Amino acid sequence: MPGSTSRTRTAGTEEATRRKQDSGSYIYGIVPADVELSPDARGIGDPPGRIRLVRHGRLAALISEVTLDRPLGRPNDLIAHQQLLDGAAAEVPVLPLRFGAVVTGPEAVVDELLRPYHDEFLAALNELEGRVEYVVKGRYVEHAVIGEVLAENPEAARLREEIHGRPAEATWDARIRLGELVGEAVAAKRAADTDMLVDALAPRSVAVVVREPTHEQDAVHVAFLIENDQEAEFRRIVEKFGKQWTDRVALRLLGPLAPYDFVMTRRGEE
């Protein structure tokens with residue numbers, strides 16, 4: 001019957017509208033428009049969302065659909081966000097967006113992001129062509145760095161002897177002072193070791209960002225943007241430092257990574 005067909009269409013339209021309002025497009029990053037997705041590419045969510053591309057001009061956004069009533073920020077979501085972008089960065093230039101960027105749908109991805117910032121994003125992607133980020137992170141081996149401080153600082157060594165075997169309440173001031181001396185000494189060592197590492201790796205890098213320490217015993221925490229053809233030599237130098245600092249600094253090389261430290265989209269600044 002014509003009337004029942006009309007009602008069915010109306011109900012279908014209302015259901016589609018409701019679903020649209022209950023979901024949004026989660027944006028991971030911006031890539032060149034000519035990229036092709038791996039069939040198994042997945043993003044955040046449980047089950048993980050299917051990744052798709054929204055193209056406009058010479059750009060494309062990596063997105064997946066998310067339900068708006070689902071809170072973001074779970075550890076697994078952050079890991080999925082980073083893994084997708086790092087995997088993409090190993091193959092193509094990518095502009096990573098800050099975790100948690102969601103708009104109302106694919107049309108909004110174009111209207112709010114790709115169209116207004118097309119030329120700016122394209123220029124940034126061109127700058128990143130053939131480049132990736134690596135992070136060198138090292139943490140002092142506690143007994144080794146404390147031993148260095150005590151050997152180099154007579155006051156710290158004296159205070160260590162003073163408090164040895166005595167109750168905390170009887171040596172409170174000495175313990176505070178020793179902690180200050182150790183903290184200052186470790187900070188000075190961090191600065192010197194970071195400078196040494198940067199001096200060795202900067203000639204193999206396009207850009208360098210020294211990150212703030214995330215732990216009181218951090219030795220180095222530096223991001224490097226490097227050309228693909230410099231990766232082998234870059235890794236060789238890092239391995240040399242790892243051997244040089246054996247038993248003193250536990251050194252790790254992370255990458256290739258999406259260039260989080262070297263791009264800042266307008267969306268990311270909001």
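See the values below:
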| item | result |
| --- | --- |
| Rounded tilt (10° steps) of 231-244 against the dominant C-alpha axis of the chain | 30 |
| Prolate/oblate/rounded label for the range 64-216 (Cα gyration tensor, a/c 1.5) | prolate |
| Among ALA157, ALA168, ALA187, residue whose mean-square fluctuation peaks in a GNM of the chain (springs only between Cα atoms under 10 Å) | ALA168 |
| R0 of 51 Å, Cβ-Cβ distance GLU180-GLU91: FRET efficiency to nearest 0.05 | 0.55 |
| Bins of 10 Å from zero: percent of alpha-carbon pairs in the chain | 6, 22, 23, 19, 14, 9, 5, 2, 1, 0 |
| Choice from ARG131, ARG98, ARG175 with maximal GNM fluctuation in the chain (Cα, 10 Å cutoff) | ARG175 |
| Cα radius of gyration and Dmax for the range 127-218 (Å) | 18.1, 62 |
| Choice from ARG55, ARG190, ARG235 with maximal GNM fluctuation in the chain (Cα, 10 Å cutoff) | ARG235 |
| Signed unit charges on C-beta, dipole axis of the chain, positive-most listed residue ALA188, VAL263, PRO167 | VAL263 |
| For q = 0.15, 0.18 Å⁻¹, Debye-computed log10 I/I(0) when each Cα of the range 41-113 counts as one equal scatterer | -0.49, -0.72 |
| 28 Å Cα cut-off, lysine pairs counted over the chain (separation 8 or more, or different chains) | 5 |
| Distance from the range 35-83 to the range 112-190 (C-alpha centre basis), Å | 34 |
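Quick note: the coordinates plus some simple rules give every number you see, no bench work behind them. Please read all numbers here as calculations on a predicted model, not as lab measurements. Ideal geometry is used to build each Cβ from the backbone, glycine not excepted, and the neighbour counts take in all protein chains shown.
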